[in-house]
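The values are calculated or read from the model by the stated rules, or taken from the named source; none is laboratory data. Please read these numbers as outputs of a predicted model, since none were measured by experiment. Because the Cβ atoms are built from the backbone with ideal geometry, glycine has one as well, and the counts that use them run over all protein chains shown.
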Amino acid sequence: MEQTKALNALEPFIALSKTATSPRAAADLIERATSAPNTYVFAELLRAPALRALAASHPEALRPHLALLRAFSHGDYATYVATPSLPPLGDAQRLKLRQLSLLSLAASGRREDLTYARLRARLGLASAAELETLVATAIDAGLVDAKLDPARQRVRVTRRGGGGGVAVREQLARRAAAAASGRRTTNVLDSAAGTTKGALAEAMDLDAPLPTADDGKKRAGKRKM
């Protein structure tokens, strides 16, 4: 999966988190973020200051949805099923949580552990056909590279991250956060470069009048606007 694609998909929800002023708004945001296409990393949303503030001021009201968000960030489908009082999953959420759980199992398990029976049990799937369909969607999403082996009832993963399934997802989150930080730094540098360029152009205009105190006040007023 391309980290940039995942980051781009999450960015609108990070921006919207700044406007979440009630537990209901925060819960709705979490529902939308975990249902949206291409959102596969959620650690940055978990760290959003507005959500953290609401969690501190309304712990009981927001606890179920924050637990749901943590399940998508570094949990798995089996843990979700075993945890009472979590919000119900929509179809898109259920598919995504199973995809992320498959990523974790593929990364942390030994190759011989990836049997149809074990994966179906962990992912809550009723048939081999459902498992094969899920693996195909995870491949299409770029989460794993894998081959199905129906004869031996195994999934053969050809690309997986190291250090355990949760670590893989945390690594994706760190890369996404680093990309976001790099993008913000680039924007700041571009803005600074534009300001410097404008100042140099003005300085090189020998006919330009010297700035006055009133000019400085006008510029300060514009910045405030």
Within the bounds of the stretch 82-92, is there any residue that is loosely packed, with under 15 Cβ neighbours inside 10 Å, under 25 Å from residue 123 (Cα atoms), among the β-branched types (Val, Ile, Thr) and more than 10 Å from the chain's Cα centre (by Cα)?
-> yes
Filter the stretch 1-36 for residues that are among the β-branched types (Val, Ile, Thr) and farther than 23 Å from residue 141 by Cβ; the one that is nearest to the chain's Cα centre (by Cα) is 19
Just give me the residues in the stretch 75-124 being hydrophobic (A, V, I, L, M, F, W, C) and farther than 20 Å from residue 35 by Cβ, in sequence order.
-> 78, 82, 105, 106, 107, 114, 117, 119, 121
Residue count, the stretch 12-24 (criterion: buried (at least 16 other Cβ atoms within 10 Å of the Cβ) and in a helix (DSSP H, G or I)) = 5
Check the stretch 25-48 and report whether any residue there is of a type in the set (Ser, Thr, Tyr) and on the phi > 0 side of the Ramachandran plot.
-> no
Can you name the number of the only condition in (1) in contact (Cβ under 8 Å) with a residue 40 or more places away in the chain; (2) among the hydroxyl-bearing types (Ser, Thr, Tyr); (3) under 21 Å from residue 135 (Cβ atoms) that residue 73 fails?
-> (3)
The one condition residue 78 fails out of (1) more than 16 Å from the chain's Cα centre (by Cα); (2) over 25 Å from residue 137 (Cα atoms); (3) assigned to a helix (DSSP H, G or I) is (2)
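Does at least one position in the stretch 124-132 carry a residue that is more than 19 Å from the chain's Cα centre (by Cα), modelled with pLDDT under 90 and acidic (Asp, Glu)? Break it down into steps so the answer makes sense when it comes.
Initial filter on the stretch 124-132 (more than 19 Å from the chain's Cα centre (by Cα)): 124-132.
Subset that is modelled with pLDDT under 90: none.
The answer is no; no qualifying residue exists.
Being assigned to a helix (DSSP H, G or I) and either aliphatic (A, V, I, L, M) or under 12 Å from the mean Cα position of the chain (by Cα) (or both): is that true of residue 39 here?
Values: assigned to a helix (DSSP H, G or I): no; either aliphatic (A, V, I, L, M) or under 12 Å from the mean Cα position of the chain (by Cα) (or both): yes.
Taking the combined requirement at face value, the residue does not satisfy it.
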